[in-house]
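Chemist: One structure follows; several queries about it will come next.
Please treat every number below as a calculation from the coordinates, not as lab data. Remember, it's a predicted structure, so these values are computed and weren't measured experimentally. Quick reminder, even Gly has a Cβ in these numbers, built from the backbone with ideal geometry, and neighbours come from all protein chains shown.
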């Protein structure tokens, strides 16, 4: 039986080496299997030792091994590299070893060459499964910025190329794979309003308008079968979406994060 709760509380604690721990509570609307799962606190700890970042998180109502991660930031021949390894149990499928393993991601950027690379792999004691690889190159000219970003997903053997162009207040992105093609155009109307529209090989996909004002950031998005409105301000997020039919019931959501120092 599903339990609907108006707010989901996550208690999160974090600490850096030599710093003061921080506790945050996140309220979020949603449907959950039980009261216990809806109110389950999650505790996390973060730190940094000589350039190596580390952390762990755990649902305190469940027994088992917490999620543990480490991250190394380095510089090699003009490249800024970020390597992150995350050990989990029960969250992902690692193949023959089951649901225990390590996710490794590598991200790199060369600011002088305006080039970015990334990749990820899932590792268990029996095998290593590549997940994604990609790259991005930006070319600056007198006529604007051009971008080329090829990527490949090993799970479904999908290769995609994204081409981008940006000049003044308008940007255009074309995404093409063997199965689909779409284009997105974004234009900054003025300091407060930004509009975008996206279409593909199947026709119209979505259109949105984002407004910045004293009331916060409001974003309205329309698709062929639904409408969505979202408002964010000072850490609050509230929104609703609904299918475009007379008998459709809107879905409401909200989120708020409250953080404070914990003298423990």
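Chemist: Grab the Cα-Cα distance for residue 126 and residue 142, subtract it from 0.36 nm times how many residues apart they are, and report the gain in nm with one decimal.
Modeler: Contour length minus the Cα-Cα distance gives 0.6 nm.
Chemist: Stretched out fully, how many nm does the piece from residue 222 to residue 156 gain, at 0.36 nm a residue minus the Cα gap?
Modeler: Here the segment from residue 222 to residue 156 would lengthen by 20.9 nm.
Chemist: In nm, to one decimal, how far is the modelled label at residue 237 from the one at residue 112, with both set 7 Å along Cα→Cβ?
Modeler: So the two model labels end up 3.9 nm from each other.
Chemist: Please give the length that would be gained between residue 104 and residue 84 if that part of the chain were fully extended, namely 0.36 nm times their separation in residues minus their C-alpha to C-alpha distance (nm, one decimal).
Modeler: The span from residue 104 to residue 84 would gain 6.6 nm if fully extended.
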